[in-house]
Amino acid sequence: MPNERRAHYRVKVDAAAGLEVMMPNPGGSPYMGRMVDATASGVGVRFLPPNWPNLTVGHEIDLSFTSEKLNESLTVAVRVQNRTEEAGARRYGFRFLQPRQLDAHLLLTFREYFNRRKMVRASPEPDYLVRVTLEAGHGKPLVEARLENISASGAAVSLEAELDAEFVETTRVGLSIQLPNRRRPVHVIGNIRHRQLVGARIHYGLEFDPELSEDFARQQDIINKYVRKREQQWLQR
């Protein structure tokens, strides 16, 4: 997604969600998997052994989705974006080749999951930089970062790789997030759950701490309003 940086929102789907995925197998019975997360531009699907597919990254194939919420199965064209070997499973990340075909059908089903799980993630406009200030603790310098995506429960931010040294001894940081059209930034405490080098920048996956964040309910409400606005903007395109 060269012009979008990341999917606009992502939701984790639990095992009880009931959305199964079928992939054709030229040599035998179809491969059956289960959707484990979804965005407006793709899905993550987990397959269990011994009947799991061997696909190369970049491979294009059709996936069929079935659910009690769908009157009939829906088949969409996808491309393999990534492949991960997990404990006792294999997970593929697929990107939709024609995401507009989902607007009236599958995306509505996904939105039910979004509403139930409250895990919608929104990315800023591609050309709009949302500034984030990170603080490792009293006496530590403030570090400038940028927002990659945000939800009611956490955020992903990126910073220059050499600045990771400021946070090497901690997992807890203070965040000041200057969301668009807000006079004052959102202030929350977050725990770094994931760190990854992407190009010349470090990406942090942060989970907000409701107990340590001052007036968290109000801060979360501001974030939710921003996320809903970004979702509506994407759907209206």
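Here, each number is a calculation from the coordinates, and none is a lab measurement. In this text the structure is predicted, and so the values were computed from the model without any measurement. Note: ideal-geometry Cβ built from the backbone for every residue, glycine included; neighbour counts use all protein chains shown.
The simple spin-label model puts a point 7 Å past each Cα toward its Cβ; for GLU207 and HIS194 those points are separated by 1.2 nm.
With R₀ set to 35 Å, the beta-carbon distance separating GLN98 from GLU144 gives a calculated FRET efficiency near 0.35. Derived scalar couplings between HN and Hα for the range 218-225 equal 5, 4, 5, 4, 4, 5, 4, 5 Hz in order, rounded to whole Hz, by the Karplus curve 6.51 cos²θ - 1.76 cosθ + 1.60 (θ = phi - 60°), x for Gly and Pro.
For the range 173-233, the relative contact order comes to 25 percent (Cα pairs under 8 Å, sequence separation of at least 6). Over all Cα atoms in the range 140-206, the spread is summed up by Rg and Dmax: 11.6, 34 Å.
Test of understanding: what is the full-extension gain from GLN233 to ALA77, defined as 0.36 nm times their sequence separation minus their Cα-Cα distance?
53.7 nm
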